[in-house]
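The values are calculated or read from the model by the stated rules, or taken from the named source; none is laboratory data. The structure presented is a predicted model; accordingly, all values stated were derived computationally and were not measured. As a convention, Cβ positions derive from the backbone with ideal geometry for all residues, glycine included, and neighbour counts pool all protein chains shown.
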């Protein structure tokens, strides 16, 4: 069963400002050649929790990003819907987990889980994921 992600929308100006900031983050030629490993929250289209601290998010068709939480995120492995929140804009980038949160519903209400780190998985890492951890 494919799980859905609700997207927290940001103001258009913040989105444009974030995109402009990412475009100018390359101070030298070597950094300019490195791929920007970010994803727009609106492009996330599925998720699977490996455990209560690890969330794998499918973006577009073939990319998978792994989000590690600071602590346990209640019921994340049982929920059918979550929300991804990114500040200040609407992108989540590798190595920049501190600006992202996962919102999940539990028996006691909505819970916010702070993201500690974000990693883009390679095709080999995606293939090695257990079936229940593949989005």
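A compact table of results
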quantity	calculated
Conditions (1) at pLDDT below 90; (2) over 17 Å from residue 41 (Cβ atoms); (3) in contact with a helix residue (DSSP H, G or I) (Cβ under 6 Å, 6 or more places away or on another chain): number failed by residue 90	(2)
Matching option when the condition is out of contact with any strand residue (DSSP E or B) (no Cβ under 6 Å at 6 or more places or on another chain), closer than 18 Å to residue 38 by Cβ and surrounded by fewer than 22 Cβ atoms within 10 Å (Cβ to Cβ), among 87, 132, 116	87
Qualifying strands (runs of 3 or more DSSP E) (wholly inside the stretch 58-135; at least 2 residues being without any contact (Cβ under 8 Å) to a residue 12 or more places away in the chain)	109-120
